[in-house]
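Engineer: Below is the structure I would like to discuss, written out as C-alpha cells.
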Amino acid sequence: MADLAIGTSVHDQVLSVPPEQRRELLSRIADAGIDHVVVADHVSFHGGTGFDGMLGAATALATEDRLSVLIGVYQLALRHPMTVARSLASLSSLAPGRLVLGVGVGGEDRSEVSNCGVDPASRGRRIDESLGLLRRLATGESVDHDGEFFQISSGAVLPAQQPAVPILIGGKTDATIRRTVAHGDGWLAMFVSPRKFTEFLAAIASHAGQEGVPVPEQHGLEVWCGLAEDAGTARELVAAKMEALYKLPFANFERLCPAGPPALVADFLRPYLAAGARRLTLVPCASSWQAGVDAVARVRDLLNE
C-alpha cells in the first residue's frame, strides 16, 4: 500500500539511553524499513512520569535522518503558542518535512494540567486558540492577537515552516471533529474500534462539507500491542506496561490492544486501513526492544503484501 506509513513508538527511549544505544535503536528501526517513530509528551503524568516531546523529536531527527517523527500527543494546553511555534520552526529547519505534530486535549491527570497553571475546565478552549495561532505563526507573518488566553503584539516566528508541519488532532469527542476540520490535517485516533474509526471519519467529512472546506485526510492510529509468538506471553507484556503507565486495569483496554504474533496484530489493523487510516503507529511491548522492532517490521511487511 503505497501511501501507508508504519511507525513504532520509542517514547522516552531516545532520551533515557546512552548515545550509542540510541543510535543503535534508531538505526535498527530505519534498517527494518519502518517509516517513522513516535515520541510521547507529558510534563508530570500520574506522579511525575514525563517525556519532553519536542526534545525527543529533535534528538530522533538529528540522530537518524531516514526516519520521520510524530509527537503523539503533544500537551499543547500546557504551553504558550509562541514558544511552541518557535520549536516547530526550528525542527522544520532541522528536518524539513519529517515532523508531524499530534495534539491532544489531555486531562487524564488533572493535576498535571493544574500544576502547570492551567484550569482543566478551560483547556479545550485554550487549545483551540493555540491551534489557530500556530497556523498563523507557521507562515512567518506578524501576528496581532487579543484572545481569551493569549495576547500577542506584532509577534512573528522566522523562518516560516517550509513545508508547514502537519497537525493531527487527538481525541474522540464532537469537539475533536470540529477541531480537526478547523485546525487539523487529520485525526489521530487511539483506543477506538474499527466501527468507531469509520464513523468518526464520516463525521469529519460531513462537518467539512457543511463548513465548505477541504476534508482532512492524513488520519492516523496509535495502537498498544503485545508482540510474542505466544499470545499469553504477549498479553502479559502489554498489560504490565499499560497498567504501570495508566494506573488502570488492563481489562479496560484489552479489546483494543492486540496481543500475539505479528500476523494476529496485522489482522487486527486491516479494518482500520480499509476505513482510511494511513499512518499507523504500534506501541510494541515485547521481550526486548530489538524483538519489538523486528516484530513491528514484520507487521509492516504483512500489511504491505
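The values are calculated or read from the model by the stated rules, or taken from the named source; none is laboratory data. Note that the structure is predicted; figures quoted are calculated from it, not measured. Methodologically, a virtual Cβ is constructed for each residue, glycine included, from the backbone with ideal geometry; neighbour enumeration extends over all protein chains shown.
Engineer: Q210 passes all but one of (1) more than 24 Å from P261 (Cβ to Cβ); (2) under 22 Å from the mean Cα position of the chain (by Cα); (3) not basic (K, R); which number fails?
Structural biologist: (2)
Engineer: How many residues are in a helix (DSSP H, G or I), under 25 Å from L101 (Cα atoms) and hydrophobic (A, V, I, L, M, F, W, C) when one looks only at the stretch 220-258?
Structural biologist: Matching residues across the stretch 220-258 total 3.
Engineer: Kindly establish whether P216 is buried (at least 18 other Cβ atoms within 10 Å of the Cβ), out of contact with any Phe, Trp or Tyr (no Cβ under 6 Å at 6 or more places or on another chain), in a loop (DSSP other than H, G, I, E, B) and not basic (K, R).
Structural biologist: Judged against the criteria, P216 is a match.
Engineer: Right, another one. Would you pick out the residues in the stretch 77-107 that are without any contact (Cβ under 8 Å) to a residue 60 or more places away in the chain and either part of a loop (DSSP other than H, G, I, E, B) or in contact with a helix residue (DSSP H, G or I) (Cβ under 9 Å, 6 or more places away or on another chain) (or both)?
Structural biologist: A77, L78, R79, V84, S87, S90, L94, A95, R98, G106, G107
Engineer: What pairs come up if the first residue lies in the stretch 173-196 and is surrounded by fewer than 16 Cβ atoms within 10 Å (Cβ to Cβ), the second is not in a strand (DSSP E or B), and their beta carbons are under 6 Å apart, counting only those six or more places apart or on different chains?
Structural biologist: Final answer for the pair search is A175/G124; F191/L256.
Engineer: Taking the condition of being touching a strand residue (DSSP E or B) at 6+ places or on another chain (Cβ under 6 Å), surrounded by fewer than 24 Cβ atoms within 10 Å (Cβ to Cβ) and hydroxyl-bearing (S, T, Y), how many residues in the stretch 51-77 meet it?
Structural biologist: Of the residues in the stretch 51-77, 1 are touching a strand residue (DSSP E or B) at 6+ places or on another chain (Cβ under 6 Å), surrounded by fewer than 24 Cβ atoms within 10 Å (Cβ to Cβ) and hydroxyl-bearing (S, T, Y).
Engineer: Taking the stated definitions as given, is A266 surrounded by fewer than 19 Cβ atoms within 10 Å (Cβ to Cβ), under 20 Å from I6 (Cβ atoms), within 21 Å of the chain's Cα centre (by Cα) and small (G, A, S)?
Structural biologist: no
Engineer: While we're looking at this one, here's another question. Being of a type outside the set (A, V, I, L, M, F, W, C) and crowded, with 23+ Cβ neighbours inside 10 Å is the filter; apply it to the stretch 273-291 and report the residue that is farthest from L26 (Cα to Cα).
Structural biologist: Checking each candidate, the answer is R279.
Engineer: Let me ask something else. Tell me which of these L248 doesn't satisfy, since it passes every other one: (1) of a type outside the set (S, T, N, Q); (2) without any contact (Cβ under 8 Å) to a residue 40 or more places away in the chain; (3) surrounded by 15 or more Cβ atoms within 10 Å (Cβ to Cβ).
Structural biologist: Condition not satisfied by L248: (3).
Engineer: Of all residues in the stretch 95-133 being modelled with pLDDT of 95 or more and over 20 Å from F149 (Cα atoms), which is nearest to the chain's Cα centre (by Cα)?
Structural biologist: Going through the qualifying residues, I end up with G102.
Engineer: With respect to L94, determine if the residue is out of contact with any Leu (no Cβ under 9 Å at 6 or more places or on another chain) and over 28 Å from Y272 (Cβ atoms).
Structural biologist: No: the conditions fail for L94.
Engineer: Could you name every one of the strands (runs of 3 or more DSSP E) located completely within the stretch 3-54 that has at least 1 residues being out of contact with any Phe, Trp or Tyr (no Cβ under 9 Å at 6 or more places or on another chain) and farther than 24 Å from G226 by Cβ?
Structural biologist: In the stretch 3-54, 42-45, 49-51 are the strands (runs of 3 or more DSSP E) which contain 1 or more residues that are out of contact with any Phe, Trp or Tyr (no Cβ under 9 Å at 6 or more places or on another chain) and farther than 24 Å from G226 by Cβ.
Conditions (1) farther than 20 Å from T49 by Cβ; (2) in contact with a Leu (Cβ under 9 Å, 6 or more places away or on another chain); (3) aromatic (F, W, Y), marked per residue:
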site	(1), (2), (3)
V223	yes, yes, no
G226	yes, yes, no
T233	yes, no, no
K241	no, no, no
Y246	no, no, yes
N252	no, no, no
P261	yes, yes, no
L273	yes, yes, no
G276	yes, yes, no
